[in-house]
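Below: one structure, written as structure tokens.
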Amino acid sequence: MNTNAQKAAHVTTRRLLDMKQNGEKISVLTAYDYTMARILDRAGVDVILVGDSASNVFSGHNTTLPITIEEMIYHAKAVVRGVQAETSRAMVVIDMPFMSYQLSGEEALRNAGKIMKEHECDAVKLEGGRVIAETIKRITDVGIPVMGHLGLMPQSIYKYGSYKVRAREEREAEQLLEDARIVEESGAFAVVLEKIPTDLAAQVTGMLTIPTIGIGAGVECDGQVLVINDILGLNREFHPRFVRRYADLNTIIENAARQYVQDVRERSFPSSEESY
Ligand code: KIV
């Protein structure tokens, strides 16, 4: 643990609201483990999302559906420990996995409580609008902050049948505007807008008091979120238009591993300086 890390003011739901009001943009990245969480907290990321994208990028599933609540809690514990080992500044939000909140308000509350009790995270994230309005209300009423998620909702991928941009048509756009209003009224402190047209995201952002966090939703959102593996270029094949790659770690790691294999084979590793 880095005991020398300077502790900073922890990002809260109130702070995010102030950031929106002051026109300060909110940065959000996903993380699934201790080491990455430490780096992201040190880098000044405002919110770390323990996304159920762990199902894809960590576990190798095709969708986010298979990940379990126990697996999410495992990732969340590691991330919270990472943030606590650094400046403790970043807010940590945990995705509630598929079928952990859809069956009933009571079960959703039990599972949200389980997530919050097992480690010191700050909030949970749920996908959906009017269908889960009562659930959002129930969870927030007992004091658990909820981040909403509208537009492309990966847990509903089998219903959509594709990962295409959502709400291009007027009817779906109107529904999304209504859902955004409902999510805010139900008590959410922020809402993710995934893969919707820039103009629509701007309209939602102007309409809501709570911050909007976009992914593939244009620059007008109050903040942006991306999957850490995507910005680091860890997956060579996956490079959608909304992802900006800040590094090509795939190549860097592969080259490093190749060099290591060669060094071992050639007996140039370990050297005498690397031995006892
Ligand atoms: O699971 C996830 O990583 C997410 C973000 C992409 C918003 O929900």
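The values are calculated or read from the model by the stated rules, or taken from the named source; none is laboratory data. Everything numeric here is computed off the predicted structure, so don't read it as measured data. In this analysis, Cβ positions are derived from the backbone assuming ideal geometry, glycine residues included, and neighbour counts consider all displayed protein chains. Please note that ligands, DNA and RNA were not included when accessible areas were found on the heavy atoms of the full protein model with its side chains. Shrake-Rupley method; radii C 1.70, N 1.55, O 1.52, S 1.80 Å.
Set the Cα radius of gyration of region 4-245 against 2.2 N^0.38 Å, with N its number of residues, and you get 0.93.
Close lysine pairs were tallied over region 4-245: pairs 8 or more places apart or on different chains with Cα atoms under 14 Å apart number 5. For the chain, the Cβ-based charge dipole about the Cα centre amounts to some 200 debye (Lys, Arg positive; Asp, Glu negative; other atoms uncharged).
Counting every alpha-carbon pair across region 174-276, the share separated by more than 16 Å comes to 67%. Extension gain, Ile231 to Asp18: 0.36 nm times the residue separation minus the Cα-Cα distance gives 74.0 nm. Note on region 142-209 and region 86-114: Cα centroid distance 18 Å, given to the nearest whole angstrom.
Once the Cα atoms are used to define both axes, helix 13-22 deviates from the longest principal axis of the chain by about 80 degrees.
Here the label points at Ile252 and Tyr74, each 7 Å from Cα along the C-beta direction, are separated by 2.7 nm in the simple model. Relative to one another, the C-alpha centroids of region 213-276 and region 17-70 are positioned 17 Å apart. Per atom type, the chain shows carbon and sulfur on 51% of its accessible surface, probed at 1.4 Å.
Please work out the average accessible area per residue across the chain, using the 1.4 Å probe convention, and give it in Å².
Averaged over the residues of the chain, the accessible area is 52 Å².
Per-residue extension of 0.36 nm, minus the Cα-Cα distance of Arg110 and His61, leaves a gain of 15.0 nm for this segment. Distances between every pair of Cα atoms in region 19-143, grouped in 5 Å steps from 0 to the bin holding the largest one, split as 2, 12, 21, 21, 20, 15, 8, 2 percent.
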